[in-house]
Every structure is written in structure tokens, then in C-alpha cells.
Amino acid sequence: MATKTKKQAFDWQLAPAPESKDHFTLKSEYDLFIGGKWVKPKSGKYFDTINPANEQKIARIAEANQADVDAAVKAARKAYDNVWSKMPAAERAKYIYRIARLLQEKARQFAVVESMDGGKAIRESRDVDVPLAAAHFFYYAGWADKLGYAFPGKTPSALGVAGQIIPWNFPLLMAAWKIAPALACGNTVVLKPAETTPLTSLLLAELIQEAELPDGVVNIITGAGATGAALVNHPGIDKIAFTGSTGVGKLIQKSIAGTGKKATLELGGKAANIIFADATIDQAVEGIINGIYFNQGHVCCAGSRLFVEEGVHDEVIRKLKHRMRSLVVGDPLDKNTDIGAINSKEQLGTINKYLKVGVADGAEMYQPACELPSKGFWCRPTLFLNVAQSARIAQEEIFGPVLAVQTFRTVDEVIQKANNTLYGLSAGVWTDKGSKIFNLTSKLRAGVIWANTYNKFDPTSPFGGYKESGYGREGGLHGLSAYLNLS
Ligand code: NAI
Ligand code: MG
């Protein structure tokens, strides 16, 4: 039996390796970034953003009301009419390249602040979020003066002002996914980050000032759902780009119906990861672990359902449990941490509710016996075995480090089970047979399907889903068309 140590249920312990915070200073209060300036909110209100790993306040953040949203949209319109739409595309590209380069220069600070404000492990913010965000700016900067080549035979033109609302799971990366293509296509933007993770968007606003973008091309306003709704409903917006919950996505769809506003919605997911008996099992297990425990499972494309071919079920589960016992849960700023803090008390409440539901529905729950820090919001990596297809933990998005395992015997059976969900964002297939991969990728109703890997992203690849996972694509050429009139 493994000895229990403070951080992990394994018989060895890693020395602490915390990333330092002394190479930058954060302000204690952030105002709204409108028209190239920091302005006090007309609402007069502020809210706190906290560090979910210790529940300490990091900074006070302005709460934008309808009048503030109006000021931001007007600033974006003015910048569009007077400057950005008139600028030669190659000049626009230079600004976007400048943002990309500055982001690379300041990568360390952005990674640390992302982990402090949102709870994700520094290993991920440092190696995934920040480099990918910079890569998106580089990629779309390259397209700015080549839009005519991207869509031969068409005359691409900008839409105007884009309202962009992003969630808390990949705060900087989602800001990059939204802002980079919008600017490359000649639009101006008003972006609202999530209320629990506003800091890296606000640092991005400072960086954009440093890059000397013309005033009002990018406006960043903070606040919660009411601020987002005011942005969606503002008549001066030409396009809404939203990533978040399916519930809010549906609300947005209703409120823009008949207005002529365009929309892209990237919503939830309940991805199936499928392991065939002929797969390289060790590699598959590592991919499954990455697919669900990466970023605390706060990933819309998380591989939250696992389908194992019956013959290898026992081996896969034994290896999964073994690997789970070596995962380090704890301080997000520690370079050894695999699973950081859950983003908010509310989200932890949602996850804990699903753990109870899973047990009550008759599934068998496994968690390694690691100790959790006393302050902050934490969840052990969790596995549910013997899960019924109809169980809520197999159907509903949990958005936490919780994996629901089912078995299958035939290809047809697993395709049917995997597609039996309201969502259709992503899926994973593990097998050494190329023919099986092609058979599944043509039959699984999911926007992104990974084969013998998982959670791999690249700015050149489109990303988006079917059914209740939303519509529209981000990334690649598809991501450009979402910000253009193509006549
Ligand atoms: P949410 O959808 O409420 O939040 C996402 C963004 O939308 C935030 O910026 C929020 O301020 C804004 N927002 C909230 N209400 C709005 C409204 N009426 N109009 C316009 N904007 C609005 O997500 P929440 O409540 O933080 O998380 C709930 C669940 O949603 C999670 O448990 C997860 O299942 C799912 N989710 C999915 C995400 C994804 O990447 N697909 C990201 C975040 C959450
Ligand atoms: Mg926070």
C-alpha cells in the first residue's frame, strides 16, 4: 500500500518548486479600457477577483454597466470608421505582429498571473495557454493582407464592431482566439472576460497600449453576466462571439434573433475517448489522463467519457488508477503540480453535486487518497466505473476532473453510445488500425476528433462543434470567415 504524503498518494514526494511572483507588480485596482484609456466605471462599482488556490483577493475590478458598454461600443465604432477600416491591411498586420511579439516577451508574467487568477497549473499556463495565445496572434497577423487569397473569387470585407464574451477556463487564450482574427479581418472589438479571471485580459489591454494600437480598436470591459447581456443587446454591435455555457449560448441566440447580428457560439461538450484493445495501452492511458485531468477538467473538449473495449478494461483501469495516484494536486504556481485549483466556489459546488449524483445513480467512485490544501477550492482526480449510458454523469457536462467509464464490444455499439449525447464538440480514438480511425472519424458526430493523442491545438486548425456544442468555427481559415462578409 502506498504511503500517503501531503500532496500525493504515492510513496515519494517532490520538493516544492514554486514559480516566483517577484518579476512583476499588479495594480490593486483595474478600471475599464475604453478608447485607448483607462476609465472609471460610470456604474461606480467594483468587484474583487480572488486567487482560487488561497481565496485571497488579488485586485478590485471595475464593473461595467449599460452606459459603460455603450461608451465602449461607441469607441470601437469610431475607431472602425475613422482609422481601422481605412488602414492598409499590411499596416494592420504590423500591429497584430507587435502584440504577438510583446506577448512572447512577457510570457512569464502572463503565465503566473493566469495561474494566480484562475487556479490552473503553471505548467499549463506556461507551456500551453500563453504560447498558443501568441501563436494565434502570429498566425492571424499573417492573413491580414491575404484575405483575397483566402477566399478566391470573393471580396471579403470586415463586419464592423465585434462583441466578444469569453469564459474562465482559458482566459488569455480565448481572448487571443477572439481578438486576433477579428483584427486581422479589419474589425474593431469590445471584449468582456469572465468575472473570475479578468486579469490576463487587463494585462493584454496594457500590452495593447504598449503596442500603440490606435485608440478604440480593442476595448476591454469587465463585469459579470449583466455586462455580457448589455453587450449582446447593444444595437451598435455587428457580431457576437461567445464561448461559455450552453444555457447562456441559448439566451444569446434568442436575444439576437431578427437583429441581423452575426454570431459564433462555442458551448459545452461531453467528449468520448474510445480505447480499442489493439491500442498502445500505456500511451492511451497517458492521453486519457491528459484529456480529462488537464486544466482540472475545465475544458469544453475534455475527454469526460471513456469507452474501453471489454477485453482490455481491467488493464486500462488498473493503469489509470496507478497513474492517478501519481498526479500532484495543489499549488498552481508549483511547477510540479498537475491539477491546480478549481476556478471558483460555485464551480466546485457543481462538481461536488455531480460526485453525489454519480454515487446515487449506482456508479463506483474512485479517488486517490491525496491530501488537499486547507484553503481554496480543490477536487481530487475522480473516476467513475460501471456507469450506465443514461446516468447523468455520462450525459451532462461536469466541467471538472471527473471521468465516467463505460465498456463496449463492437465498433457499431461504441459509435452509437458515443453519439448518444446532446453535445458534439470533440472525441478521441485510440487504436493502431488506421482503417478504424477513418471509420470512426466519419461516423462520430464531433467537430474535432483526435487519433492516438488528445487536446492538441494549433492556430491553423478549425475548432467548433455540432448540436448543443454551438456553431461556427474558430481557428484556421474557418476562423477568418466568421469575421468577414463574403460576397
Ligand atoms: P457562463 O456561460 O455563465 O459564463 C461565460 C461568460 O459569459 C462569462 O464571461 C460570463 O460573464 C458571461 N455571461 C454570463 N451570463 C451572460 C448573459 N446572460 N449574457 C451574456 N454573457 C453572459 O458560464 P459559467 O456560469 O461560468 O459556467 C457554468 C457552466 O458552463 C460550467 O460548469 C461549464 O459546464 C460551462 N462552461 C463551458 C465553457 C466552454 O468553454 N464551453 C466555459 C465556461 C463554462
Ligand atoms: Mg480570480
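The values are calculated or read from the model by the stated rules, or taken from the named source; none is laboratory data. These numbers were taken from a predicted model, which means no experiment stands behind them. When we count neighbours, we look across all protein chains shown, and the Cβ atoms used for this are built from the backbone with ideal geometry, even at glycine. Side chains included, ligands, DNA and RNA excluded: accessible areas come from the protein's heavy atoms. Shrake-Rupley method; radii C 1.70, N 1.55, O 1.52, S 1.80 Å.
Among beta bridges from DSSP that stay inside the chain, the antiparallel ones total about 35%.
Dipole size in debye (nearest 20) for the chain around its Cα centre, Lys and Arg Cβ +1, Asp and Glu Cβ -1?
Computed about the Cα centre, the dipole is about 740 debye.
Report the trypsin sites (Lys or Arg not before Pro) located in the range 273-357 that are in a DSSP loop and have at most 16 other Cβ atoms inside 10 Å of their Cβ, or state none. Sparse-neighbourhood loop trypsin sites (Lys or Arg not before Pro): Lys335. Among the protein heavy atoms of the chain, carbon and sulfur supply 52% of the accessible surface, probe 1.4 Å, non-protein parts ignored. Rounded, prolate or oblate: which one fits the range 344-487, using the alpha carbon gyration tensor with axes a ≥ b ≥ c (rounded when a/c is under 1.5, else prolate when a/b beats b/c, else oblate)? It is oblate, given that a/c is not under 1.5 and a/b is not larger than b/c. Of the whole protein surface, Thr441 contributes about 50 Å² of accessible area at a 1.4 Å probe radius. Between exposed GluC sites (Glu not before Pro) in the chain, where DSSP calls loop and at most 13 other Cβ atoms lie within 10 Å, what's the longest gap? Counting at most 13 other Cβ atoms within 10 Å as exposed, the longest clean stretch of the chain is 213-487.
Using only Cα atoms, tell me the angle between helix 130-143 and the longest principal axis of the chain; keep it within 0 to 90° and round to the nearest 10. The angle comes out near 50 degrees. Counting charges near Asn386 (Lys, Arg +1; Asp, Glu -1) among other residues having Cβ under 14 Å from its Cβ returns a value of -3.
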